[in-house]
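Every number in this text was worked out from the coordinates using simple rules, so none of it is lab data. Predicted model, so just to flag it, every value in this text is computed and none were measured. Heads up, the Cβs are rebuilt from the backbone with ideal geometry, glycines too, and the neighbour counts pull from every protein chain shown.
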Amino acid sequence: MKVCIAEKPSVARDIARILGANSPHDGYMEGNGYQVTWTFGHLCELKEPNDYCENWKRWSLGALPMIPPRFGIKLIEDERIKKQFSVIEKLYQSADEIINCGDAGQEGELIQRWVMQKAGVKCPVKRLWISSMTDEAIREGFATLREQEQYQPLYLAGLSRAIGDWLLGMNATRLYTLKYGNNGYGQNSHVLSIGRVQTPTLALIVRRQKEIDNFKPEPYWVLATIYRDTQFTATKGRFASKEEGGLAFATIEGKPFAITGVTKKKGAEQPRQLYDLTSLQVDCNRKFGYSAEMTLNTVQSLYEKKITTYPRVDTQYLSDDIYPKCPQTMNGLFQTEFAGKRPYAEWVKALGGRQLPKPKRVFDSSKVTDHHAIIPTGIPPKGLTDAEHNVFDLIARRFIAAFYPDCKFSITTVLGMVDEVEFKASGKEILDLGWRAVTAPTSPEEDDVKSPEATTAGRQAGKSPSASGKSGEALLPAFVKGESGPHAPTLTEKQTTPPKHYTEASLLRAMETAGKLVDDDTLRAALKENGIGRPSSRAGIIETLFKRHYIRRKKKNLEATETGIALIDTIHEKLLTSAELTGIWEKKLRDIEHGKYDAAQFIDELKVQITNIVYDVLADNSNRKIIQQEADS
């Protein structure tokens, strides 16, 4: 008998239906030579300190560092879990072969490996590896089952991550709670939670909070003028004093404005890359205000409903073998209906009648490891919640737009002169919408090219076209070099502004790039190797910071609480707070997954680092205490 095990009952039911295992039993399905069972996510966990040593049961500085000679696992204390594990164990004992159908990722591999270890599996094990839950993908996956040994590095990476988090979390949390907690550790105290990823993430928010709190605005003056209903700004930039700006103003007042140059430059903007999990979470936060966790849960639901592909991915590319399937996916989008309307039909139809292009920006097998970017499966969705509809719509539009031509536009720059003071105005005009016809802008940052209709309408409404060179620039009227005329100069006082608070969108980007502010897609992709946390875990990390009352939401902004600030101020070990150093850890875990780094070496290094942290903190003779607070929102 072949025993298949999935990560959830719903996934197991789909697999059982495909395999013909239609006879229900308590905890599994059976039929056609298969038994199909399931877990409820994690059934096992690493043992707790007191499971190794009775002396570790009581929180004590003298017991630190806690470093077990060998890590072990145990069943999670839950009657439902114990009952299901008993079913799985019996099935495994009589199995001829086990097929691991866990989620195709690091966490999914760890979940099933631990269950097999706990059950003492001896028979051969195969691995089902699929990127979507469609019937076709499941059948194809069972036709090409892989050897379990192929995923040993993936398991070792997951195991190293779990052990690393245990070593740092268990030791540092007890260390800081006992040393700096306001009541030590007891009935009336609060735990000071320290984590390998959560603490450097909190440090990012605290540093930004301090930059904002300590910011002192400084005045500056901007010289501009209105000529032919168009605002021109002095190219000198801002003036540091009103007197300096006033002198320039006096120089140009009452003198004619002359156009000294008009240039037009055509440009093109490529389609946005396909979604990975982080970029999808970023857009959903900006456009809909969804938290990272809500977006993850929603796209996971779409995956389980067979509507989109595997979501916990960090690549924005498709492998070459996906290309032949894209016309079928497009056909499914063509047929998709919501409220009796086919929202994607016209866009898909415009691509019909010829072979789909195969841009390198979309298809690159060298950029794909276990899974490709998130795309629709081609199965028309039905019965979606509002959130599911919104998330699916972004994914569908992004996929269709990837096959569209570049957006083409013209940038007009006009230079003017009054006496010896130079002025500049610029504007953009879309010549061909290209892919922008498909994707509605998801944020102000993306809406950097406006259509002629929109900009003309803005001018007709009496709004002065922008001359700032930033997004949303207007279509300028026709200017001719050499023309001149009267103008209306202005000297406006402004103030420097503080950095912006992190939102979940910007924090996810910062976690992805180990705290570096990067706008360029190519450079950001290169920094992903050293990002902090995995794409699938970052949402949970942010939620943990809320639960620990280290951060709070204020509208869309994330603010550090007094407790969060005090905790980061108390931690002097850079290893615990540096996003860059944590990113280096993450790189090593990725290298373990790809067989380029030794898992035992990673753990040994971490043991040394934890030991050093413990001794450094114990040597602190200050009487610093962190006053903890409950959530105020």
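So what's the angle, to the nearest 10 degrees on a 0 to 90 scale, between helix 535-547 and the longest Cα principal axis of the chain?
90
Just want the answer: with Cβ charges of +1 for Lys and Arg and -1 for Asp and Glu, which residue in Gln117, Thr144, Pro24 is farthest toward the dipole's positive end in segment 2-144?
Toward the positive end, the furthest listed residue is Gln117.
Test of understanding: what is the full-extension gain from Phe338 to Lys264, defined as 0.36 nm times their sequence separation minus their Cα-Cα distance? Don't skip to the end; give the middle numbers.
On the way: separation 74, 0.36 × 74 = 26.64 nm, distance 4.26 nm.
Taking Phe338 through Lys264 to full extension adds about 22.4 nm, to one decimal.
Please name which of Val421, Pro68, Ile5 has its Cα lying farthest along the dipole of the chain towards the positive end, using unit charges on Cβ (Lys, Arg +1; Asp, Glu -1) and the Cα centre as origin.
Farthest along the dipole direction, towards plus: Val421.
Can you tell which of Ile603, Ile627, Leu558 lies farthest toward the positive end of the dipole of segment 524-633, using +1 and -1 charges on the Cβ of basic and acidic side chains (Lys, Arg; Asp, Glu)?
Selected residue: Leu558.
Just want the ordering: Tyr220, Tyr502, Tyr615, from fewest to most Cβ atoms lying within 10 Å of their own Cβ. Walk me through the numbers on the way to the answer.
Working: Tyr220 18, Tyr502 24, Tyr615 11.
In increasing order of surrounding Cβ atoms, one gets Tyr615, Tyr220, Tyr502.
Return Lys287, Lys547 ranked ascending by Cβ neighbour count within 10 Å, so the fewest neighbours appear first.
Numbers: Lys287 17, Lys547 10.
Listed from fewest to most nearby Cβ atoms, that is Lys547, Lys287.
Dividing the convex hull volume of the alpha carbon atoms of segment 2-144 by its residue count, what do you get in Å³ per residue? Walk me through the intermediate numbers first.
On the way: hull volume 17.8 nm³, N = 143.
For segment 2-144, the hull spanned by Cα atoms encloses 124 Å³ per residue.
Which aspartates and glutamates, if any, have their Cα less than 13 Å from the Cα of Lys126, not counting same-chain residues under 8 positions apart?
Within the straight-line limit of under 13 Å, Lys126 reaches these aspartates and glutamates: Asp96, Glu97, Glu109, Glu147, Glu149.
In nm, to one decimal, how far is the Glu89 label point from the Thr251 one, both placed 7 Å along Cα→Cβ?
8.6
Which FRET efficiency value, to the nearest 0.05, is calculated for Glu605 and Ser60 with the Förster distance at 25 angstrom and r the Cβ-Cβ distance?
0.45
Mind checking the angle between helix 152-180 and the chain's longest principal axis? C-alpha axes, 0 to 90 degrees, to the nearest 10.
Taking Cα atoms only, the helix is inclined about 80 degrees.
Can you give me the Rg/Rh ratio for segment 550-633, using Cα atoms for both radii and the Kirkwood formula for Rh?
1.09
With +1 on each Lys and Arg Cβ and -1 on each Asp and Glu Cβ, how big is the dipole of the chain about its Cα centre, in debye rounded to the nearest 20?
440
Students often get this wrong: which residues of segment 188-229 have the backbone nitrogen under 15 Å from the point 7 angstrom along Cα-to-C-beta of Glu493?
217-223
Output the 0 to 90 degree angle, nearest 10, between the alpha-carbon long axis of helix 198-213 and the longest principal axis computed from the alpha carbons of the chain.
Rounded to the nearest ten degrees, it is 30.
Considering only the other residues whose Cβ falls under 12 Å of the Cβ of Lys74, what net charge follows from Lys and Arg at +1 and Asp and Glu at -1? Before the final figure, lay out the partial values.
Details: positive: Lys47, Lys82, Lys118; negative: Glu45, Glu48, Asp51, Glu77, Asp78.
Summing Lys/Arg as +1 and Asp/Glu as -1 gives -2.
Could you please rank Arg146, Arg590, placing first whichever residue has the fewest other Cβ atoms within 10 Å of its Cβ?
Neighbour counts put them in this order, fewest first: Arg146, Arg590.
Given contacts defined as C-alpha pairs under 8 Å and at least six residues apart, what's the relative contact order of the chain, whole-number percent?
Worked out over the chain, it gives 17 percent.
Under 16 Å from a point 7 Å along the Cα-to-Cβ line of Lys216: which residues of segment 545-588 have their amide N that close?
none
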